[in-house]
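A.B. asks: Quick one: the structure is below, questions incoming.
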Amino acid sequence: MKQGFFYVLSLGSEKADALQFQRVEKIDYIVVGLGLAGIALVEELTRRNRSFMVFEDESQTSSLVAGGMYNPVVLKRFNPVWKGDEQLEVALPYYKRLEEKFQSAYDRRMDILRIFKSVEEQNNWFTACDKPRLRPFLEPVIEDNEYAEVKAEFRLGRVRGTGRVKVKELVNDYRDYLESQGRLTRKSFSYDDLKLIGKGNKEELQYGRHMANGIVFCEGNGVANNPYFNWLPLEGTKGELITIHATDLKLEEVIKSAVFVMPLGNDLYKIGATFNWSDKTNLPTDQGREELLEKLKTVISCDFEVRDHEAGVRPTTPDRRPLLGKHPDHPRLAIFNGLGTRGVMSSPLLARQLVAHLENEIELDPEVDISRFRRLLQA
């Protein structure tokens, strides 16, 4: 890794009346935030043998409370997820490597059963099954409902190639791992303390005792407080989930209808999720809980007990595409954000593309490049 130490001369305070030498560590990157985006970025930097320091204050909880599902099909309208097949091609081996790295099981493969609401939806399912990009994932049959406690009058359709990543466990393991290596600082990043010296590609960055070639902000909804990137149209969307205990449900697949019902093991199920565009807090609400319970009762008929209730603000964008790229005026500052509800799938592929852009000047996909919003900076 490109890493080393040197000393810079700094003026002491007026009272000290002396010159001071400050030890400075030279590194390749500073990474701000360690959710799904930050972890994927760090993994790619590690693969390229780059040195880095991560700043994480644990203020953003969207990764921690996420359902963790990966699914290449938009089940509301039976359309393919944007670049879903490409994302899975990178994501599945990526999580396998993380499992080997930490000797933990994060990825649980399980099919999704989509409850049909009408005969029309059944017909639309068969139409979708003929689409080349969906054919590998959709079973071209209408399945009978084998779960006595699931309400499925018009039966179900099966989605394969899907699963759940235990995001909270992964994030916590990764934080502990980086901290043990001295590459994680558990405190907020102070924008006021960032020193930008020079201009353009000759600009140098200093933050505390670190001199870095670049900084990548992976802050999620926290970007609203970032003076360099707060002009970007990130629309935080609050989501709430509950966890229930239902002894009689006995699901082995995820059920998707008005809500998703995801098996966690030991008769526990995660239920989600709500979408709230006005509330930007991470606090669970009675309104969110009641909405989930009302919808859940249209899906299952058995008794259950609520064991947990969580909330987080997803980083979403108006065009539902991520935010990647360099600041127009400060090219050593970059952003990796806006993953929305599909960060489990998209983060490994996008991290690879972003680092290739930063290191090798390979152009980003125009659909994710923040240059598409540059007019907002000039407004």
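A.B. asks: Tell me, please, whether a residue that is hydrophobic (A, V, I, L, M, F, W, C), in a strand (DSSP E or B) and in contact with a Gly (Cβ under 9 Å, 6 or more places away or on another chain) can be found in region 289-310.
C.D. replies: Taking region 289-310 and keeping what is hydrophobic (A, V, I, L, M, F, W, C), we get 292-293, 296, 299-300, 302, 304, 306.
With the extra rule that they be in a strand (DSSP E or B), the set shrinks to 300, 306.
Narrowing the set further to residues that are in contact with a Gly (Cβ under 9 Å, 6 or more places away or on another chain) leaves none.
Among the residues of region 289-310, not one is hydrophobic (A, V, I, L, M, F, W, C), in a strand (DSSP E or B) and in contact with a Gly (Cβ under 9 Å, 6 or more places away or on another chain), which makes the answer no.
A.B. asks: Right, Glu99: in contact with a strand residue (DSSP E or B) (Cβ under 6 Å, 6 or more places away or on another chain), of a type outside the set (A, V, I, L, M), more than 30 Å from Glu367 (Cα to Cα) and outside the structural domain of Gln353 (by TED's automatic domain parsing) or not? If you could, list the steps in order and put the result at the bottom.
C.D. replies: Numbers: in contact with a strand residue (DSSP E or B) (Cβ under 6 Å, 6 or more places away or on another chain): no; of a type outside the set (A, V, I, L, M): yes; more than 30 Å from Glu367 (Cα to Cα): yes; outside the structural domain of Gln353 (by TED's automatic domain parsing): yes.
No: the conditions fail for Glu99.
A.B. asks: Can I ask one more? Inspect all residues belonging to region 103-119 and state whether any of them is touching a residue at least 12 places away in the same chain (Cβ under 8 Å), surrounded by fewer than 16 Cβ atoms within 10 Å (Cβ to Cβ), among the hydroxyl-bearing types (Ser, Thr, Tyr) and more than 27 Å from Asp308 (Cβ to Cβ).
C.D. replies: Among the residues of region 103-119, at least one is touching a residue at least 12 places away in the same chain (Cβ under 8 Å), surrounded by fewer than 16 Cβ atoms within 10 Å (Cβ to Cβ), among the hydroxyl-bearing types (Ser, Thr, Tyr) and more than 27 Å from Asp308 (Cβ to Cβ), which makes the answer yes.
A.B. asks: A further question on this structure: With (1) at pLDDT below 95; (2) within 24 Å of the chain's Cα centre (by Cα) as the list, and Asp329 as the residue in question, which single condition is left unmet?
C.D. replies: The one condition Asp329 does not meet is (2).
A.B. asks: If only one of Phe189, Phe154 is surrounded by 14 or more Cβ atoms within 10 Å (Cβ to Cβ), assigned by TED's automatic domain parsing to the domain that holds Thr46 and in contact with a Phe, Trp or Tyr (Cβ under 8 Å, 6 or more places away or on another chain), which one is it? I'd like the intermediate steps shown before the answer.
C.D. replies: Numbers: Phe154 fails: assigned by TED's automatic domain parsing to the domain that holds Thr46.
Criteria check complete, one pass: Phe189.
A.B. asks: While we're on this one: Determine which single condition Ser347 fails, assuming it passes every other condition in (1) of a type outside the set (D, E, K, R); (2) under 8 Å from the mean Cα position of the chain (by Cα); (3) not in a helix (DSSP H, G or I).
C.D. replies: So the condition that Ser347 fails would be (3).
A.B. asks: Please go through region 193-213 and pick out each residue that is over 22 Å from Gln60 (Cα atoms) and modelled with pLDDT of 90 or more.
C.D. replies: Going residue by residue through region 193-213, those that are over 22 Å from Gln60 (Cα atoms) are 195-206, 208-213.
Within region 193-213, Lys195, Leu196, Leu205, Gln206, Gly208, Arg209, His210, Met211, Ala212, Asn213 meet the criteria.
A.B. asks: Sticking with this structure for a sec: Taking region 55-102 as the search range and keeping residues that are surrounded by fewer than 21 Cβ atoms within 10 Å (Cβ to Cβ) and part of a strand (DSSP E or B), which one is nearest to the chain's Cα centre (by Cα)?
C.D. replies: Going through the qualifying residues, I end up with Val74.
A.B. asks: If Ala273 passes every condition in (1) assigned by TED's automatic domain parsing to the domain that holds Lys117; (2) surrounded by fewer than 21 Cβ atoms within 10 Å (Cβ to Cβ) but one, which one does it miss?
C.D. replies: (2)
A.B. asks: Would you confirm whether any residue within region 244-262 is surrounded by 17 or more Cβ atoms within 10 Å (Cβ to Cβ) and under 18 Å from Ser63 (Cβ atoms)? Give the derivation first.
C.D. replies: So in region 244-262, the residues surrounded by 17 or more Cβ atoms within 10 Å (Cβ to Cβ) come out as 244, 246, 249, 251, 253-257, 259-262.
If we keep only those that are under 18 Å from Ser63 (Cβ atoms) as well, we get 260, 262.
Yes - at least one qualifying residue is present in region 244-262.
A.B. asks: Here is a further query. So Val42 ticks every box in (1) among the hydrophobic types (A, V, I, L, M, F, W, C); (2) at pLDDT 95 or above; (3) touching a His at 6+ places or on another chain (Cβ under 8 Å) but one. Which box is left unticked?
C.D. replies: Condition not satisfied by Val42: (3).
A.B. asks: Let me ask another. From the list Thr247, Thr243, Thr237, pick out the single residue that is at pLDDT below 95, within 30 Å of Ser118 (Cα to Cα) and not charged (D, E, K, R). Quick ask: steps written out before the conclusion?
C.D. replies: Numbers: Thr247 fails: at pLDDT below 95; Thr243 fails: at pLDDT below 95.
Exactly one of Thr247, Thr243, Thr237 is at pLDDT below 95, within 30 Å of Ser118 (Cα to Cα) and not charged (D, E, K, R), namely Thr237.
A.B. asks: Hey, among the residues in region 312-326 that are at pLDDT below 95 and not charged (D, E, K, R), which one's nearest to Asn282 (Cα to Cα)? Step through it out loud before you land on a result.
C.D. replies: First, the residues of region 312-326 that are at pLDDT below 95: 312-320.
If we keep only those that are not charged (D, E, K, R) as well, we get 312-313, 315-318.
Numbers: Gly312: 5, Val313: 6, Pro315: 12, Thr316: 15, Thr317: 18, Pro318: 21 Å.
Residue satisfying both the conditions and the ranking: Gly312.
A.B. asks: Consider Gly182 carefully, then state whether it is in contact (Cβ under 8 Å) with a residue 60 or more places away in the chain, outside any helix (DSSP H, G or I) and of a type in the set (Gly, Ala, Ser).
C.D. replies: On the way: in contact (Cβ under 8 Å) with a residue 60 or more places away in the chain: no; outside any helix (DSSP H, G or I): yes; of a type in the set (Gly, Ala, Ser): yes.
Considered against the rule, which asks whether it is in contact (Cβ under 8 Å) with a residue 60 or more places away in the chain, outside any helix (DSSP H, G or I) and of a type in the set (Gly, Ala, Ser), Gly182 comes out as no.
A.B. asks: Could you list all residues from region 193-230 that are of a type in the set (A, V, I, L, M, F, W, C), buried (at least 20 other Cβ atoms within 10 Å of the Cβ) and part of a strand (DSSP E or B)? Can you show your working first?
C.D. replies: We begin by selecting, within region 193-230, every residue of a type in the set (A, V, I, L, M, F, W, C); these are 194, 196-197, 205, 211-212, 215-218, 223-224, 229.
Checking which are buried (at least 20 other Cβ atoms within 10 Å of the Cβ) leaves us with 205, 211-212, 215-218, 223, 229.
Selection gives Leu205, Met211, Ala212, Ile215, Val216, Phe217.
A.B. asks: Mind telling me which of the residues Arg135, Arg164, Arg183 ends up being closer than 28 Å to Tyr95 by Cβ, touching a Gly at 6+ places or on another chain (Cβ under 6 Å), at pLDDT 95 or above and of a type in the set (D, E, K, R)? Before you say what the answer is, go through the steps one by one.
C.D. replies: Numbers: Arg135 fails: touching a Gly at 6+ places or on another chain (Cβ under 6 Å); Arg183 fails: touching a Gly at 6+ places or on another chain (Cβ under 6 Å).
Step by step, each of Arg135, Arg164, Arg183 is checked, and only Arg164 is closer than 28 Å to Tyr95 by Cβ, touching a Gly at 6+ places or on another chain (Cβ under 6 Å), at pLDDT 95 or above and of a type in the set (D, E, K, R).
A.B. asks: Right, next: Looking only at region 123-135, decide whether some residue is among the acidic types (Asp, Glu) and surrounded by 14 or more Cβ atoms within 10 Å (Cβ to Cβ). Outline the logic, then answer.
C.D. replies: As a first pass, look at region 123-135 and keep what is among the acidic types (Asp, Glu): 130.
From what is left, the residues that are surrounded by 14 or more Cβ atoms within 10 Å (Cβ to Cβ) are none.
No, region 123-135 contains no residue that is among the acidic types (Asp, Glu) and surrounded by 14 or more Cβ atoms within 10 Å (Cβ to Cβ).
A.B. asks: Right, Tyr207: touching a Leu at 6+ places or on another chain (Cβ under 6 Å) and of a type in the set (Ser, Thr, Tyr) or not?
C.D. replies: Details: touching a Leu at 6+ places or on another chain (Cβ under 6 Å): yes; of a type in the set (Ser, Thr, Tyr): yes.
Criteria met by Tyr207.
The values are calculated or read from the model by the stated rules, or taken from the named source; none is laboratory data. The shown structure was predicted, so the numbers you read here are calculated from the model rather than taken from an experiment. Virtual Cβ from ideal backbone geometry, glycine too; neighbours counted across all protein chains shown.
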